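Everything below concerns the one structure shown next.
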Amino acid sequence: MRRNDPLIVGGGPAGTSAAISLAMAGVRPVLLERQRVTGDALCGGFLSWRTLQSLERLGIEGLEGHDIDRLRVFAGQATAEAPLPHKALGISRQQLDSLLLARAEAAGAGIERGVTVREWHDGTLETADGASLKPETLFLASGKHDIRGLARPRQDPGNQTLGIRVRLAAHPSLARLVGGAVELHMFERGYCGVELQEGERGNLCLAVRKSRLADYGGDPEVLLAAWAAESPAFGERLAFREKGCDAIGAVPYGWIARATLPGVFRLGDQSAVIPSLSGEGNGIALASGILAANGWLAGETADRFQTRLARATTRPIGIACWLWHWGERKDTARLIAGGVRFAPWLAGRFAEWTRISH
């Protein structure tokens, strides 16, 4: 690796969009990805119209997902539905990440799989296999996985948010239930998003407060059963679940990196974490990678880039956090559902306001 070639840690949308943008400009970045085989990330299967535009700019073709054109909201007995401003797409992260990695490699980026970065100290990265790397420029795109020495601030343990995902088997009845909607099911101290992806397989992702999960003995299965009993609509979707579930802890919703270390460009969830109900996680990841690459090519410092990205993400994340906090309380969740039902245009406005501009 030449000294001037950036090192990218993470092969998700943030890291690959930076790699593609750099490679298209004639730079040969090296991207380190910890997984040898591309898996399916916990959440992030919703691609908004803005995200689809970013993918088009990167030369991504052949997306095979499920068309989504409306939002459906459930809050207790209240239900509401409204059209989205533009068409979106439900797609598995396995397909999305595979296409992005292939595009990065085809553009000229170096891809090294099976490399886990453990620690950063004094400008040096230490990998799990004992290698030491001292890049002049680091694009940190490790997603929800923190690296010692570069970790995001820890949340208050009593206020932590956990992510849980289960898969729903493709079935004509499930397809009729969900259709072309992205669904938001709101509960006390938690919510769930449901969408169909390629092959009409369903993706069901929960964001729940650790304190709420503790009410059910810390057992996700007990929580899912309780929510199914509380909400018949949720129970209908959960009836199609496949075995097993995935979980990730301490998701710092609302956090934004407003400063960084020299030479370290923080991207994606390592730069700003928007509540998943907004459907803009992929949008921020791709935008951050493109903006960082273009900024670096123009001679922008990491700290200046981080300040610029923080400004761009402040409003969408602030609005999404407001919706999240209202949605996890029964009385205000019903107000959200009522607002969508009686003024459907509001859903479109909030969808637009929670997109990142770049």
Between Val37 and Asp146, with labels modelled 7 Å along Cα→Cβ, what's the label distance in nm to one decimal, could you check? 3.1
DSSP beta bridge pairing in the stretch 15-153, given as percent antiparallel to the nearest 5: 75
Using the Cα centre as the reference, give the magnitude of the dipole from point charges on the C-beta atoms of the stretch 1-91 (Lys, Arg: +1; Asp, Glu: -1; all else neutral), rounded to the nearest 20 debye. 420
Let me check I have the definition right: for the stretch 49-94, take the eigenvalues of the Cα gyration tensor, multiply each by 5, take square roots. What are those semi-axes in whole Å, largest first? 27, 12, 8
Once label points are set 7 Å from the Cα along Cα→Cβ at both Ala259 and Glu236, what is their separation, rounded to one decimal in nm? 5.2
In 10 Å bins starting at 0, how do the alpha-carbon pair distances of the stretch 80-139 split up by percent? 16, 29, 28, 14, 11, 2
Could you give the length gained on full extension between Glu200 and Ala175, defined as 0.36 nm per residue of separation minus the Cα-Cα distance, in nm? 8.4 nm
Spatial separation of Cα centroids for the stretch 184-220 and the stretch 226-274, in angstrom: 9
With +1 on each Lys and Arg Cβ and -1 on each Asp and Glu Cβ, and nothing else charged, work out how big the dipole of the chain is about its Cα centre, in Debye to the nearest 20. 640
Using the alpha-carbon atoms, what tilt in degrees (0 to 90, nearest 10) does helix 13-24 show relative to the longest principal axis of the chain? 40
So between Arg315 and Glu61, what do we pick up on full extension, going 0.36 nm a residue minus the alpha carbon distance? 88.4 nm
Separation between Cα centres of the stretch 312-351 and the stretch 33-62, rounded to whole Å: 25
Just how many % of Cα pairs in the stretch 297-350 lie over 13 Å apart, if you round to the nearest whole percent? 69
For the pair Ala229/Thr116, report the inter-label distance in nm, with labels modelled 7 Å from Cα in the Cβ direction. 3.9
Can you give me the relative contact order of the stretch 95-239 as a percent, contacts being Cα pairs under 8 Å and 6 or more apart? 16
Kirkwood Rh for the stretch 186-321 from C-alpha pairs, in Å, is 17.0
What ranking of Phe139, Phe305, Phe240, Phe342 emerges when the number of other C-beta atoms within 10 Å of each C-beta is taken as an exposure proxy, fewest first? Phe342, Phe240, Phe305, Phe139
In the stretch 26-103, the trypsin sites (Lys or Arg not before Pro) that sit in a DSSP loop and have at most 14 other Cβ atoms within 10 Å of their own Cβ are Arg36
Residues Arg315, Arg355, sorted so that the one with the fewest Cβ neighbours within 10 Å comes first: Arg315, Arg355
Checking a compactness column here: for the stretch 5-53, what do you get for Rg(Cα) / (2.2 N^0.38 Å), N being the number of residues? 1.29
Principal semi-axes in Å for the stretch 128-254 [√(5λ), Cα gyration tensor, largest first]: 32, 20, 12
For Trp353, Trp345, Trp255, which order do you get if you count the other beta carbons within 10 Å of each Cβ and list the fewest first? Trp345, Trp353, Trp255
Helix 281-297 vs. the chain, principal-axis angle (Cα, 0 to 90°, nearest 10): 20
Using just the helices of the chain, give the 222 nm mean residue ellipticity in deg cm²/dmol: DSSP H runs with n ≥ 4 each add -39,500 (n - 2.57), and the total is spread over all residues, rounded to 500. -11500 deg cm²/dmol
Specify, per residue and in Å³, the volume enclosed by the convex hull of the alpha carbon atoms belonging to the chain. 125
How much of the calculated P(r) for the stretch 106-147 lies past 16 Å, in percent of all Cα pairs? 41
Once the Cα gyration tensor of the stretch 93-186 is diagonalised, what are the square roots of 5 times its eigenvalues, in whole Å and ordered largest first, as equivalent ellipsoid semi-axes? 35, 23, 11
For the stretch 232-358, what does the relative contact order come out to in percent, with C-alpha contacts under 8 Å and a separation of six or more? 27
Given charges at beta-carbon only (K, R positive; D, E negative), |dipole| of the stretch 1-156 in Debye: 180
Select from the stretch 140-219 those trypsin sites (Lys or Arg not before Pro) which occupy a DSSP coil region and have at most 12 other Cβ atoms within 10 Å, ordered by residue number. Arg154
Between Pro275, Gly235, Ala343, whose Cα lies farthest towards the positive end of the dipole of the stretch 232-358 when Lys and Arg beta carbons carry +1 and Asp and Glu beta carbons carry -1, centred on the Cα centre? Ala343
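Taken together, the values in this text are just the output of simple stated rules run on the coordinates, not laboratory data. Nothing here was measured: the structure is a model prediction, and the numbers come from that model. Using ideal geometry, Cβ is built from the backbone for each residue, glycine included, and neighbour counts are taken over all protein chains shown.
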